[in-house]
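In what follows, a structure is listed as structure tokens, so that the remarks can point back to it.
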Amino acid sequence: MKKTLGAVAAAAAVALTLSLSACAATPGETSGEINYWLWDSNQLPAYKQCATDFTKANPDIKVKITQRGWGDYWTTLSNGFVAGNAPDVFVNHLSKYPEYAANDQLLPLDDAVKKDGIDLDIYNEGLADLWVGQDDHRYGLPKDWDTVAMFYNKNLVEDAGYTEEQLGNLDWNPQDGGSYEKAIAHLTVDKSGKRGDEAGFDKNQVAVYGLGLESSGSGQGQTQWSFLTGTTGWTHTDKNPWGTKFNYDDPRFQDTIAWWAGLADKGYMPKLETTVGASVADAFGAGKAAINTQGSWMIGQYTSYKGIETGIAPTPTGPDGKRASMFNGLADSIYAGTKNPEASLKWVEHLASADCQDVVASTGVVFPAIKSSSEKAAAAFEAKGIDVSAFTTHVENGTTILFPISENAAKVDGLMVPAMDAVLSGKKDASSLTEVNKKVNALFE
Amino acid sequence: MTTLTKHPPAPTFKAPQLSKRGRGPSKLRELRIALLFIFPAMIGLVAFSLVPTIRGIYLSFTEYNILGEPKWIGIDNYTAIFADELFWNAMAVTIQYVAINIVFQIVIAIGLALLMQSVAKSTFIRAALLLPFLVANVIVALLWFWMLDYQIGIVNEVISWLGLPRVAFFGSEQWAIPTIAFVNVWRHMGYTALLVFAGLQAIPHHVYEVASLDGASRTRTFWSITMPLLRPVLALVLVVTVIGSFQVFDTVAVTTGGGPVNATRVIQMYIYQKAFGESDFGYASALSVVLFVILALVAFIQMKFLRGNESDLD
């Protein structure tokens with residue numbers, strides 16, 4: 001215990017000294033320096049450009065950008081809240097902001113939106129609404145969005161005799177997996193060259209898996225299985241946002257997970273135990289998997305592997321005859337304890353404006369939240385030779401499902417990660433999730 | 001003290017007088033100097049151990065998410081702990097880790113110490129044994145994480161080259177804890193061996209001479225002389241390593257993060273997850289207090305049982 005407490009105390013002390021020195025370095029309001037945090041290093045150059053433009057227009061305000069990896073980002077941010085030295089403005093995530101808002105750590109933006117006449121209709125549909133809390137206050141302005149698609153290895157697909165058209169028109173159902181499973185099976189090759197759907201295929205000696213595996217996806221399954229469950233009519237919660245009852249006991253969900261876990265059993269997908277410490281994208285880059293389902297924020301990485309020609313196809317259609325993809329959006333939020341709310345607000349408004357989002361679009365890394373900027377981003381990808389229609393189709397055809405927003409997100413994760421791991425590794429049946437669902441829902445009682 | 005003993009003893013008849021006159025002020029001065037020396041250590045103890053411990057005990061009776069104010073809820077956290085499957089799982093996993101870690105570490109350390117004493121007498125080799133201990137825990141963990149990787153790890157490359165099936169060292173539920181225990185045995189064995197080695201050096205030579213005169217075999221000498229006389233050192237090593245391994249965290253945090261499923265969710269990992277992952281600092285503090293009590297008991301029992309504070313040499 002001593003160690004833990006010691007560590008906490010040390011962290012607190014370090015945070016304190018940091019905050020003191022930070023205070024000394026920037027004596028409050030007059031200097032007008034704003035601290036801005038983000039986690040994605042790929043987007044850093046774009047936002048540095050935004051900051052330069054911003055300072056040019058507002059010479060009194062300087063923006064200091066800090067990039068921190070996803071893992072450290074949130075603990076450092078929490079420590080910052082406690083110590084009172086959190087960044088003035090930071091990139092926020094849907095799974096995190098409800099807790100911060102409930103603890104009064106975020107500055108409501110309603111007045112500013114009203115006063116400065118910000119038009120929320122310029123953003124892609126639904127994105128702005130995600131950031132209105134349970135108390136009906138707005139805690140963020142949309143910056144970008146992402147959907148899910150299939151990245152595939154063009155050479156492997158060609159060798160298997162599949163055309164890109166065929167791959168873009170697969171269908172799926174939880175009973176036999178449809179043509180989606182057939183494609184995955186056929187793309188799987190064992191060490192002696194036998195394909196997954198041929199007699200004599202050795203599932204214990206697989207050289208190339210049809211489908212890559214990242215993780216069990218916890219309770220959201222954003223890139224792992226939500227594009228499948230979304231086509232069955234199943235939803236994560238009773239309502240979204242702010243659901244208070246989860247539906248992991250629903251047979252539609254459990255059948256989907258059981259089918260998916262079955263792929264590992266058949267040898268078409270790596271076993272969960274082999275993914276610990278491994279990067280699903282790097283395995284794809286090494287030619288060890290033919291298809292990966294991933295989010296649009298990974299486009300850059302997937303298309304940059306040397307010697308691998310990557311294609312992008314939309315996710316399969318499901319029992320409802322449509323495709324589905326989770327739709328997640330990030331936003332910029334302001335820390336309630338900021339010493340410089342006026343300048344922070346200005347910066348957030350700049351980030352949420354077409355001026356900055358066009359800059360982000362031009363780098364071709366992510367899709368900005370503003371509709372017109374999104375189109376520019378698609379054009380920027382196009383110019384790099386990357387067809388991103390597999391991602392944009394969901395937005396155009398309204399086949400998106402919103403990222404589930406609820407309270408207790410971290411605690412739901414704490415229950416769902418081990419539970420989903422157990423099912424995917426074959427230790428437990430998918431029906432075991434009914435029991436877990438009771439525990440999840442007990443969090444909201 | 002030392003300067004006094006170096007001087008020739010004062011005449012006995014004068015001594016009581018001197019000490020009588022000198023006792024008050026000099027004792028006080030000694031105390032002052034002592035306090036001066038203790039002070040820096042006291043700051044650390046009070047600021048980083050005592051205050052946080054007391055605050056931790058207080059927080060264990062509250063509901064506290066670090067951003068709000070702690071709310072007193074009495075012993076609710078403690079009753080919840082006893083009904084918490086994950087707590088019991090964490091204890092079972094931790095004890096499994098401790099058992100594997102301690103048995104291998106102590107046995108290997110004694111072996112190494114014996115080698116250091118009678119075979120490997122070069123300072124270079126003795127120092128080399130300590131090398132893994134000089135590398136930071138996290139680095140060691142990442143190094144092995146990489147070497148034992150299922151796909152690209154060198155160990156699995158060798159295994160598959162030998163024609164054996166690859167092993168998911170960190171990924172499978174059966175292997176994860178033994179693997180993590182092994183990594184830490186590897187890192188700590190040199191250090192533990194050094195402690196045991198120091199203990200061996202302290203055993204007087206004449207006992208061994210007498211034993212060899214009596215015609216005792218090497219095995220007999222080891223079990224009847226070395227081991228009993230090594231007991232105080234072993235007791236210390238055992239207490240320190242048991243407490244240390246109960247607190248295993250970094251190796252787990254940078255490799256499996258508690259998984260697969262709950263196979264490596266050791267108690268410290270669970271505490272960390274509750275506090276920093278789920279912002280449940282009250283519950284995490286209660287778990288910490290429980291761990292504190294368990295460790296205090298373990299240390300107490302070990303010291304009593306092994307009579308670590310007395311030596312057979314006396």
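The values are calculated or read from the model by the stated rules, or taken from the named source; none is laboratory data. Note that the structure is predicted; figures quoted are calculated from it, not measured. Quick reminder, even Gly has a Cβ in these numbers, built from the backbone with ideal geometry, and neighbours come from all protein chains shown.
Take region A:130-159 and flag every residue that is of a type in the set (D, E, K, R) and free of Cβ contacts under 8 Å to residues at least 60 places away in the same chain.
In the first step, residues of region A:130-159 are kept if they are of a type in the set (D, E, K, R); the result is A:135-136, A:138, A:143-144, A:146, A:154, A:158-159.
Those that are of a type in the set (D, E, K, R) and free of Cβ contacts under 8 Å to residues at least 60 places away in the same chain: A:135, A:136, A:138, A:158, A:159.
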Of the residues in region A:224-271, those that are touching a strand residue (DSSP E or B) at 6+ places or on another chain (Cβ under 6 Å) and under 16 Å from residue A:434 (Cα atoms) come to A:237, A:246
If you go through region A:204-217 one residue at a time, how many are within 11 Å of chain B (Cβ to nearest Cβ) and at pLDDT 90 or above? 2
Selected residue (criterion: farthest from the other protein chains (Cβ to nearest Cβ)) from residues of region A:267-315 that are under 30 Å from residue B:177 (Cβ atoms) and in a helix (DSSP H, G or I): A:281
Pairing a residue in region A:409-427 that is at the interface with chain B (Cβ under 9 Å from one of its Cβ atoms) and among the basic types (Lys, Arg) with any residue that is surrounded by fewer than 23 Cβ atoms within 10 Å (Cβ to Cβ) and assigned to a helix (DSSP H, G or I), where Cβ atoms lie under 9 Å and the two sit 6 or more apart in sequence or on different chains, gives A:411/B:277; A:427/B:173
Does residue B:246 qualify as being among the aromatic types (Phe, Trp, Tyr), facing chain A (nearest Cβ under 9 Å) and either in contact with a Cys (Cβ under 7 Å, 6 or more places away or on another chain) or crowded, with 17+ Cβ neighbours inside 10 Å (or both)? no
Single condition residue A:172 does not satisfy, out of (1) closer than 21 Å to residue A:299 by Cβ; (2) at pLDDT 95 or above: (1)
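How about region B:143-167: which of its residues are of a type outside the set (A, V, I, L, M) and in a helix (DSSP H, G or I)? Break it down into steps so the answer makes sense when it comes.
Kept after step one, since they are of a type outside the set (A, V, I, L, M), are these residues of region B:143-167: B:144-146, B:149-151, B:153, B:156-157, B:160-161, B:163, B:165-166.
Of everything in region B:143-167, those that are of a type outside the set (A, V, I, L, M) and in a helix (DSSP H, G or I) turn out to be B:144, B:145, B:146, B:156, B:157, B:160, B:161.
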Among the residues of region B:254-271, which ones are surrounded by 22 or more Cβ atoms within 10 Å (Cβ to Cβ) and part of a helix (DSSP H, G or I)? B:267, B:268, B:269, B:270, B:271
Out of the residues in region A:59-84 that are assigned to a loop (DSSP other than H, G, I, E, B) and touching a Gly at 6+ places or on another chain (Cβ under 8 Å), which is farthest from residue A:337 (Cα to Cα)? A:60
For region A:252-302, name all the residues that are at positive phi and either buried (at least 22 other Cβ atoms within 10 Å of the Cβ) or in contact with a helix residue (DSSP H, G or I) (Cβ under 6 Å, 6 or more places away or on another chain) (or both). A:277
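When you check residue A:202 against the structure, is it without any contact (Cβ under 8 Å) to a residue 12 or more places away in the chain, assigned by TED's automatic domain parsing to the domain that holds residue A:300, among the charged types (D, E, K, R) and surrounded by fewer than 18 Cβ atoms within 10 Å (Cβ to Cβ), yes or no? Talk me through it step by step, then tell me what you get.
Numbers: without any contact (Cβ under 8 Å) to a residue 12 or more places away in the chain: no; assigned by TED's automatic domain parsing to the domain that holds residue A:300: yes; among the charged types (D, E, K, R): yes; surrounded by fewer than 18 Cβ atoms within 10 Å (Cβ to Cβ): yes.
When the stated conditions are applied, residue A:202 does not pass them.
Take the residues in region B:166-176 that are surrounded by fewer than 23 Cβ atoms within 10 Å (Cβ to Cβ) and not basic (Lys, Arg), then tell me which one is nearest to the other protein chains (Cβ to nearest Cβ). Explain how you work it out, then say what you get.
From region B:166-176, those surrounded by fewer than 23 Cβ atoms within 10 Å (Cβ to Cβ) are B:166-167, B:172-175; that's our starting set.
Next, only the ones that are not basic (Lys, Arg) stay: B:167, B:172-175.
Working: B:167: 10, B:172: 5, B:173: 7, B:174: 10, B:175: 9 Å.
By that ranking, first place goes to B:172.
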Residue set B:219, B:251; condition buried (at least 22 other Cβ atoms within 10 Å of the Cβ) and of a type in the set (S, T, N, Q); output residue B:251
So in region A:234-251, with the set limited to residues that are over 11 Å from residue A:404 (Cα atoms) and of a type in the set (Asp, Glu), which one is surrounded by the most Cβ atoms within 10 Å (Cβ to Cβ)? A:250
With the requirement that a residue be of a type in the set (D, E, K, R) and under 30 Å from the mean Cα position of the chain (by Cα), what does region B:30-66 give you? B:55
State which residue pairs qualify: first residue within 13 Å of another protein chain (Cβ to nearest Cβ) and inside region A:67-86, second residue in a strand (DSSP E or B) and buried (at least 16 other Cβ atoms within 10 Å of the Cβ) in any location, beta carbons under 6 Å apart, and separation of 6 or more residues or different chains. A:86/A:335
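Here's the yes/no breakdown for (1) within 12 Å of another protein chain (Cβ to nearest Cβ); (2) in contact (Cβ under 8 Å) with a residue 40 or more places away in the chain; (3) in contact with a strand residue (DSSP E or B) (Cβ under 6 Å, 6 or more places away or on another chain):
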position	(1), (2), (3)
B:115	no, no, no
B:120	no, no, no
B:124	no, no, no
B:131	no, yes, no
B:136	no, no, no
B:151	yes, no, no
B:157	no, no, no
B:164	no, no, no
B:182	no, yes, no
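Among the helices (runs of 4 or more DSSP H) confined wholly to region B:169-231, which include 2 or more residues that are within 30 Å of residue B:263 (Cα to Cα)?
Result: B:173-201.
Only residues that are basic (Lys, Arg) and surrounded by 16 or more Cβ atoms within 10 Å (Cβ to Cβ): list them for region B:98-151, please.
From region B:98-151, those basic (Lys, Arg) are B:121, B:126; that's our starting set.
Hit for region B:98-151 is B:126, nothing else.
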Quick one: which residue in A:361, A:377 is more than 14 Å from chain B (Cβ to nearest Cβ), over 22 Å from residue A:402 (Cβ atoms), surrounded by 22 or more Cβ atoms within 10 Å (Cβ to Cβ) and free of Cβ contacts under 8 Å to residues at least 60 places away in the same chain? A:361
Can you give me the number of residues within region A:332-358 that are over 14 Å from residue A:113 (Cα atoms) and either outside the structural domain of residue A:79 (by TED's automatic domain parsing) or in contact with a Leu (Cβ under 6 Å, 6 or more places away or on another chain) (or both)? 1
With (1) in a strand (DSSP E or B); (2) out of contact with any helix residue (DSSP H, G or I) (no Cβ under 8 Å at 6 or more places or on another chain) as the list, and residue A:150 as the residue in question, which single condition is left unmet? (2)
Out of all the residues in region B:280-288, is one or more among the charged types (D, E, K, R), surrounded by 18 or more Cβ atoms within 10 Å (Cβ to Cβ), within 13 Å of another protein chain (Cβ to nearest Cβ) and not in a helix (DSSP H, G or I)? yes
